Each structure stands twice: as C-alpha cells, then as structure tokens.
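Right, one structure below, let's go through it.
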Amino acid sequence: MQRILEPGEIEALDHNSIPRIRMPERATVFKTRSQRLKQLASDNPIGDYLRLMAILVEAQQQALDRLSAEPDSNAIDQARVNLAHAHLMPLILASDQVRSPHWQGVLEQLLDHVMQVATSEGMPAPLQELLARIRHGDQNERDNQAEAILQRSNAAVDPIAAPFIAAALQVICVDLVSRFKVRDVPLLDTPGVCPCCGSLPVASVVRMDGESQGHRYLQCGMCAAEWHMVRIKCTYCDSTKGIAYQAIEDGSPAVKAETCDECHSWLKIFYQEKDPYLEPLADDLASVTLDLLMGETNYERRHGNPLLWQSMEN
Ligand SMILES: [Zn+2]
Ligand SMILES: [Zn+2]
C-alpha cells in the first residue's frame, strides 16, 4: 500500500534538483502560446486555422487578466489542498468546472474578441455565422457541449464549436490552478494524469531551461501545468518496455512520436534544445502532419488537443 506523504515531506522533495511541477504563469501563459501559434502559422498546411486559434488564445489571456482583477483571485482553498493530499487526488477537477458560474461569461468574452478581430481581418462568412451561433446559443446546450467535451463523448460533441468551448474551460482551469503553490500539488499514483486538474496531457516536452534541463514534462491540455515524468516511459500505461520514437523524414528535429508496444498508444514528444521557443500545445497543433502519418500505423493517440476536436476510440 502506498504511504501518503505529508506536506512537509513533499516540500522536501521539491528541493531536489528536478522541479516536479511547473505551474502555469498566469501573466503570460496564453500570451506566449498565442505568439507561438502566429509564428508557426507561416508555411503551415493549416496556417489559417493556427491564425484563428492565435486570436482565440490572445482572447484567453485577456479573459484571464480580467479574472485576476477580481477581489478573490488570490484566495486558495486550504481545505481543498488538504483533501487532495489525504486522498491523492488532483487539486481541482476540470470536469467540475462546467458548474463554475464563470465559464459561460468567459466563453462570451472569447467569442466577442474573436469576432471583433477576425471580422476586421475579413473572416469568411461561414465562420462569422458559426461564432454568432455559439455566442447567442442556449446556455444549457453549451453546458451539455462542455460536459460532452470533458467526457470525450464523440457522438454528442459539435466538433466545430468544441475548440471555443474548451478554450473557455481552459481559462477557468488556469485561473484556479495558478493560485496554488508547487508545495500544494499532491503526488498522484496515476503519473499520466495532471495532479493539478485531473486532465490528460496534450504532449510531452524535454525542457532545457534552468533546473528542468534535460528532464521530460507532460503538459496538461487544460490547465497548462507541467509535471515531471522520466523519459522512455509510456505516458498512458507506464510501461518502460517497447518504447520507440518515430519522426517525419526531413521534418522538424524538435518533434517525435513516442510509441508504446505494450498498449499501442502514442504521444508527441518535443525537444526544447532543438527549438527553444516551442510551446507544447501550440506546437502539437501545428505538427498535425505527424498525426496524419501516425494515423496510418497501428498506434493510437489516446487524448487530443483541446483546440482541435478529433474523434478518439477510447
Ligand atoms: Zn491540469
Ligand atoms: Zn503504453
């Protein structure tokens, strides 16, 4: 049986050389991602989509900044921290946030910003209609969509609206998670799940900055926290056997597909030493060609990118 670590013991672990968690930086998390999306859009087969997502992510930063200005934005729930440590569960659950009073308002702010910017840049009429449909849609229907996205129920999800709804939920998750300190974050016995919000990783990245140098982190698709995981290990089934790497011939050396022969899953791994500016979620979206190639193999990607809805088998 696993022994529960006391907060003091966890703090001692945090002083080891490898930072086990990299918390999302609320002042810059979406700004950095938006800039990276813009940078990746040129010469990309889905460049127009990346530019649209860059506008959406820019709006996420503005919405987060507005939440930061609210009076209770620094309050953390100590009871929640104690509960998480006692039961080895994440600090918050992304899946609970559909019931947050804020998320619908954040979604409306995001849509208003995207409509304003994209209209001034000559956005195609069908896209304007789509955004207006979600903006003026029924709130219960939006709640149902949000539930379906978080539960990954393919049949119920409107794939075109999904990135906008997921983006609003991301803002809520980053808002809540970034109030906690590293020492608040529990150690879970499920290493493939975000210890901050219980979501799944969008990709993994071998960092090269500061004390994280040479270590691999999984980036959460929802709250953008990164947690350490040793290299050459399946992020899905924890196997250390049968791990291999595939890359696109003549493609970027900064990205590979990490495959597992035990559970036949794969996930992208990025190498910051090959590209210092990479941002896992943005770079995952921009390297969709690798997804297409991997789609022809017998490996399956088990969790997708919140900004691009793809049907999954699980
Ligand atoms: Zn998370
Ligand atoms: Zn595996």
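Inspect region 245-268 for any residue being within 11 Å of ligand 2 (Cβ to nearest atom) and closer than 28 Å to residue 178 by Cα and give the result as yes or no. Looking through region 245-268, at least one residue is within 11 Å of ligand 2 (Cβ to nearest atom) and closer than 28 Å to residue 178 by Cα.
When only residues in region 186-195 that are modelled with pLDDT of 95 or more and more than 10 Å from residue 222 (Cα to Cα) count, which is most open to solvent (accessible area, probe 1.4 Å)?
Of everything passing the filter in region 186-195, 193 is most open to solvent (accessible area, probe 1.4 Å).
Set side by side, the residues 234, 220 differ, and just one is within 12 Å of ligand 2 (Cβ to nearest atom), assigned by TED's automatic domain parsing to the domain that holds residue 277, open to solvent by less than 60 Å² (accessible area, probe 1.4 Å) and within 19 Å of the chain's Cα centre (by Cα), which is 234. Scanning region 252-269 for residues that are in contact with a Lys or Arg (Cβ under 8 Å, 6 or more places away or on another chain), in a strand (DSSP E or B) and away from ligand 1 (no atom under 16 Å from the Cβ) yields a total of 8. If you go through region 96-126 and keep only what is under 15 Å from residue 162 (Cα atoms) and open to solvent by 40 Å² or more (accessible area, probe 1.4 Å), you end up with just 108. When the helices (runs of 4 or more DSSP H) confined to region 24-101 are screened for residues that are farther than 24 Å from residue 284 by Cα, those reaching at least 1 such residues are found at 47-68, 78-87. Number of residues in region 256-275 that are more than 20 Å from residue 221 (Cα to Cα) and open to solvent by 20 Å² or more (accessible area, probe 1.4 Å) equals 7.
The values are calculated or read from the model by the stated rules, or taken from the named source; none is laboratory data. What you are looking at is a predicted structure, and each value in this text was computed from that prediction instead of being measured. Counting neighbours? That spans all protein chains shown, and the Cβs are built from the backbone with ideal geometry, glycine included. Surface accessibility is based on the protein's heavy atoms, side chains included, excluding ligands, DNA and RNA. Shrake-Rupley method; radii C 1.70, N 1.55, O 1.52, S 1.80 Å.
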